[in-house]
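**Student:** Dropping a structure here in structure tokens format, bear with me for questions.
The values are calculated or read from the model by the stated rules, or taken from the named source; none is laboratory data. Please read these numbers as outputs of a predicted model, since none were measured by experiment. Backbone-built Cβ (ideal geometry, glycine too); neighbour counts: all protein chains shown. Keep in mind that these areas ignore ligands, DNA and RNA; they rest on the heavy atoms of the full protein, side chains included. Shrake-Rupley method; radii C 1.70, N 1.55, O 1.52, S 1.80 Å.
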Amino acid sequence: MPESTSAERNIPHWLIQTWQILVKDLVLGWRTRAKVVAMVVFAGTMLLLFSFAIGPNNTLLAKHAAGYVWLSALLSSTLLLSQSFQVEGESGALEGLLLLPVDPRAIFYGKALANWVVLSLLTGLVLVGGFFLFSVEIQAHPLRFVSILLLGSAGISAPGTLYSALTARAQAQQLMLPVLLFPLVIPCMLAAVKATGFLIQGDPMDQGGSWTMLLICFNLIYWALGGVLFGKVVDE
Amino acid sequence: MNPWILLSVAHAQEAENADGGEDVVETPSAQTEPFGEAPSEAPTVSSETVADPGGIPEGGFIGNDSYGAIPLGSGWGYVWAVYIVTWLTMLGYAGYLALRNRKTS
Amino acid sequence: MKWHYALGALGVLFLGTGHAWGLFFAPPEFMMGDVGRILYAHVPTAWNAMLVYLFAFVAAIGTLWTSKSSWESWLVGFVEVGVVLNILLCFQGAMWAKPTWGVYWDWDPRLTTTAILIALFAGVLIQRNLFHAPDKRRIITGVTAVIAFVNVPIVYFATTWWNSLHQGLSSPDTVSNPMHWPLRVSAFGVLFLAVAFSAERAKQERARLEREDTAPTLPLAQKQLELGAE
Amino acid sequence: MTPSATSPVVHAQKLSRRYGARWALAEVDLEVPAGERLLIVGANGSGKTTLLRTLSTAQSASLGSLHIFGMDVRTHAVQVRARLGLLSHLPQIYRDLSGVENLRIFNRLLGIQGPVEPYLERVGLEVRPDPVRTYSAGMTKRLSFARLLAQKPELALIDEPYGQLDPAGFAFVDTLLQDLTDEGVTVIVASHQVDRARHLCDRAILLHQGQVRWQGPAIDVGRAWDVLHA
């Protein structure tokens, strides 16, 4: 019988495994959507807090709306990212995954993509909420917002997933994840804020393009690096 | 006109551009192209363009971007602060290493 | 193997000579006057901080590649010395900025980048201290150091586009003739000291890793149990 | 790929694993022929779990060599992992997915087609959409058995099969182990329930401080234990 079993299994290509892990994480996210809602609420609260810190000055708030929106998204993203490996560690599921003939890259890309999807939704809601709260007049095409939103979220989720795995077994994960991640994503945040800002306020000198370029480069570097280094990080 | 004076004026006024031959002097607010003209070399006033060819002003250095916030000749206090702290840092780190050595041996 | 003590002594000699030269013999900088003398302390620190981070990056690659504790100890030495130089650099910069720009801190790309570097590389050391399993700790240190270093140029690009005030990078070719030599000599002084410090720190780390890692001799094989006849 | 009849499924030579200064496993030699049921017995901290985890490729050995299915695990970990299953002390499942979903995701990653519901029924669980979080400890244990069965391993490594189970569960584990061997699976079990397990296994090894102190017919392991701890 063992002979027959090994014949009927055909270990999927790692890209297919990536897809399987992505789907698994999204299903998990959907099952625990209460947590995602909590993150959205948290991000919304951040937006309100910013307006309290600045004072009821509509022009000022509208001017800096891009910054507040992305900061709220970044702060709530740490909640999402630390969750990402908590569900793996809780009952030894990650160990189970690693004991299967699964390419570590599949685990990284699957989880990072899932985080990207959720983070994009989160950021999208925050963006809409922020524009509404700070009475921002949108001039650019909505699709351009979407592309910046996707790039910015991707820039957080790739290094975020890697660092989430890295800190998963540290004693102080909740503390270490932002300590390591925030300085790292400064370029990404800066670019996302600037690009969004130019979309809001108009971009007469066409500077938004170079920030988008920076976002793309940031993403290319960290999505590639994550795949290379993740195997090392989870290896025993 | 002395290029250095031009330079400091350019800084103080945050002028958009300064004419420096075919090169354009970048100012703080000016945006550089992402990967075309590398901004890394001279993010501020690109001094080659302002200084005379051959470059280095006598007794100065290229890229000197002070714009006269202090009267010339003063500021020894800052100088001493820098040098003393530099040496204290070196001494302090050496001491820390020595302390570590003692602790472990 | 005390070569690094000799190097350290040489560093003190060079740094002392360079600094004394710069402080007392070099002409005052023609725009900034005597404040310009900060150059001989500040610029060598800046060069060497970056250079030491580069060494750390090489050591991190070596650590991940070979899993050898010698690479790992050099990595720790370089990162730690790099962070110390980096903090010193920010202080020197602030002291120079006040008389020249009128403020201690300015949101200029070079300054911002440098400050972020402290956070990035200090994070490597903090994270390292949270792990006790040697293999895990080695990989964590290597990975975080690689990521921190790779981020440097990106942070630099981003902050440069964001705002710009600091002058371009200085090199001996951008300073006037009488300033060459004190600058060069001081720079080598800092380099020698930095390498000597890193070597000493690496030596300590290696000793620690070896102490931790001394493979205890395998326990003596115990006799097999005899059950005897029932 | 198929192991020849003569080559053992597990062939370990001087397998040693160390945590810091402590050897959890010291020079364990082990040969397990295909279809055998091997029982590993030992007190807490004697190295049972370390041995199972090392055999499962979840962690690597510090010294010694390990061949499974005739392949060196250091070079052929992926091929080996495709053919073995580990039931560890952690359930290795996602608590927010249902039982079926858990089995399905692991099987898909392995490339095993076909429905998974029969495996749930086989371990006595209902097919329900509730997340595993609502399961009792015993039900979770049964689910991890189902996961092991669904993977159709050729080598099953089982750490403490009786833990967290009620008496009915004990009987269920007994049948299950019997079924596995009937299907030709090689089974290695580590357990404290010596009196139960020894009747189900062919051979036993007794671990003490990381060393194999006795090996022989499983039925005699109780006496060996008494001699060791006398």
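**Student:** Taking D:V185 as the residue in question, decide whether it is in contact with a Phe, Trp or Tyr (Cβ under 7 Å, 6 or more places away or on another chain) and either open to solvent by less than 20 Å² (accessible area, probe 1.4 Å) or at the interface with another protein chain (Cβ under 10 Å from one of its Cβ atoms) (or both).
**Tutor:** Details: in contact with a Phe, Trp or Tyr (Cβ under 7 Å, 6 or more places away or on another chain): no; either open to solvent by less than 20 Å² (accessible area, probe 1.4 Å) or at the interface with another protein chain (Cβ under 10 Å from one of its Cβ atoms) (or both): yes.
Taking the combined requirement at face value, the residue does not satisfy it.
**Student:** Of everything in the stretch C:134-147, what is closer than 16 Å to A:M176 by Cα, more than 8 Å from every other protein chain (Cβ to nearest Cβ) and of a type outside the set (S, T, N, Q)? Give them in sequence order.
**Tutor:** C:R137, C:A145
**Student:** If you check D:A156 against the conditions, is it facing another protein chain (nearest Cβ under 8 Å), within 17 Å of the chain's Cα centre (by Cα) and among the hydrophobic types (A, V, I, L, M, F, W, C)? Break it down into steps so the answer makes sense when it comes.
**Tutor:** Numbers: facing another protein chain (nearest Cβ under 8 Å): no; within 17 Å of the chain's Cα centre (by Cα): yes; among the hydrophobic types (A, V, I, L, M, F, W, C): yes.
It is false that D:A156 is facing another protein chain (nearest Cβ under 8 Å), within 17 Å of the chain's Cα centre (by Cα) and among the hydrophobic types (A, V, I, L, M, F, W, C).
**Student:** If I go through the stretch D:116-132 residue by residue, how many of them are touching a Lys or Arg at 6+ places or on another chain (Cβ under 9 Å) and in a loop (DSSP other than H, G, I, E, B)?
**Tutor:** The number of residues fulfilling the criteria is 4.
**Student:** Looking at C:W107, C:W101, can you tell me which residue is in contact with a Ser or Thr (Cβ under 9 Å, 6 or more places away or on another chain), within 12 Å of chain B (Cβ to nearest Cβ) and over 30 Å from A:Q174 (Cβ atoms)?
**Tutor:** After applying the criteria, what remains is C:W101.
**Student:** More than 9 Å from chain C (Cβ to nearest Cβ) and closer than 16 Å to A:S72 by Cα: is that true of A:G197 in this structure?
**Tutor:** yes
**Student:** Within the stretch A:163-179, which residues are open to solvent by 10 Å² or more (accessible area, probe 1.4 Å), free of Cβ contacts under 8 Å to residues at least 60 places away in the same chain and either in a helix (DSSP H, G or I) or in contact with a Pro (Cβ under 6 Å, 6 or more places away or on another chain) (or both)?
**Tutor:** Within the stretch A:163-179, A:L175, A:V179 meet the criteria.
**Student:** So, in the stretch D:190-219, exactly how many residues are surrounded by fewer than 17 Cβ atoms within 10 Å (Cβ to Cβ) and within 9 Å of chain C (Cβ to nearest Cβ)?
**Tutor:** 1
**Student:** Just name the residue that is modelled with the lowest pLDDT out of those in the stretch A:9-37 that are within 7 Å of another protein chain (Cβ to nearest Cβ) and open to solvent by 90 Å² or more (accessible area, probe 1.4 Å).
**Tutor:** A:N10
**Student:** Which of (1) more than 16 Å from the chain's Cα centre (by Cα); (2) within 13 Å of chain B (Cβ to nearest Cβ) does C:G62 not meet, given it meets every other one?
**Tutor:** In the conditions (1) more than 16 Å from the chain's Cα centre (by Cα); (2) within 13 Å of chain B (Cβ to nearest Cβ), C:G62 misses (2) alone.
**Student:** A further question on this structure: Check whether at least one residue in the stretch C:173-180 is at the interface with another protein chain (Cβ under 9 Å from one of its Cβ atoms), assigned to a loop (DSSP other than H, G, I, E, B) and modelled with pLDDT under 85, and report yes or no. Walk me through how you get there before you give the answer.
**Tutor:** Within the stretch C:173-180, the first condition is being at the interface with another protein chain (Cβ under 9 Å from one of its Cβ atoms), and the residues that meet it are C:173-179.
Adding the requirement that they be assigned to a loop (DSSP other than H, G, I, E, B) leaves C:176.
In the following step, the residues that additionally are modelled with pLDDT under 85 were identified as C:176.
The answer is yes, given that some residue of the stretch C:173-180 is at the interface with another protein chain (Cβ under 9 Å from one of its Cβ atoms), assigned to a loop (DSSP other than H, G, I, E, B) and modelled with pLDDT under 85.
**Student:** Counting only residues that are farther than 30 Å from A:A62 by Cα and aliphatic (A, V, I, L, M), how many does the stretch A:158-198 have?
**Tutor:** Total satisfying the criteria: 10.
**Student:** With the condition kept exactly as written, say whether any residue in the stretch A:210-221 is open to solvent by less than 50 Å² (accessible area, probe 1.4 Å), modelled with pLDDT under 90, among the small types (G, A, S) and in contact with a Phe, Trp or Tyr (Cβ under 8 Å, 6 or more places away or on another chain).
**Tutor:** There is at least one residue in the stretch A:210-221 that is open to solvent by less than 50 Å² (accessible area, probe 1.4 Å), modelled with pLDDT under 90, among the small types (G, A, S) and in contact with a Phe, Trp or Tyr (Cβ under 8 Å, 6 or more places away or on another chain).
**Student:** Out of the stretch C:193-207, which residues are over 13 Å from C:W3 (Cβ atoms) and either at the interface with another protein chain (Cβ under 7 Å from one of its Cβ atoms) or part of a loop (DSSP other than H, G, I, E, B) (or both)?
**Tutor:** Listed by number, the residues that qualify are C:L193, C:F197, C:R201, C:Q204, C:A207.
**Student:** Applying the selection to the stretch D:78-107, what residues are facing chain A (nearest Cβ under 7 Å) and assigned to a loop (DSSP other than H, G, I, E, B)?
**Tutor:** Matches in the stretch D:78-107: D:A82, D:R83, D:S88, D:L90, D:P91, D:Q92, D:I93, D:Y94, D:R95, D:D96, D:L97.
**Student:** Next up: Restricting attention to the stretch D:133-161, which residues are outside any helix (DSSP H, G or I) and of a type in the set (F, W, Y)? Can you show your working first?
**Tutor:** Residues of the stretch D:133-161 that are outside any helix (DSSP H, G or I), as a first pass: D:135-136, D:151-161.
The one that is outside any helix (DSSP H, G or I) and of a type in the set (F, W, Y): D:Y135.
**Student:** Oh, and also: Among (1) modelled with pLDDT of 90 or more; (2) in contact with a strand residue (DSSP E or B) (Cβ under 6 Å, 6 or more places away or on another chain), which single condition is D:T181 missing?
**Tutor:** Tallying (1) modelled with pLDDT of 90 or more; (2) in contact with a strand residue (DSSP E or B) (Cβ under 6 Å, 6 or more places away or on another chain), D:T181 fails exactly one: (1).
**Student:** State yes or no: is C:V150 surrounded by fewer than 24 Cβ atoms within 10 Å (Cβ to Cβ), at pLDDT 85 or above and at the interface with another protein chain (Cβ under 8 Å from one of its Cβ atoms)? Steps first, please.
**Tutor:** Details: surrounded by fewer than 24 Cβ atoms within 10 Å (Cβ to Cβ): yes; at pLDDT 85 or above: yes; at the interface with another protein chain (Cβ under 8 Å from one of its Cβ atoms): yes.
Here the answer is yes, as C:V150 does meet what is asked.
**Student:** Does the stretch D:185-201 include one or more residues that are of a type in the set (S, T, N, Q), within 26 Å of D:R147 (Cβ to Cβ) and part of a helix (DSSP H, G or I)?
**Tutor:** Scanning the stretch D:185-201, I find no residue that is of a type in the set (S, T, N, Q), within 26 Å of D:R147 (Cβ to Cβ) and part of a helix (DSSP H, G or I), so the answer is no.
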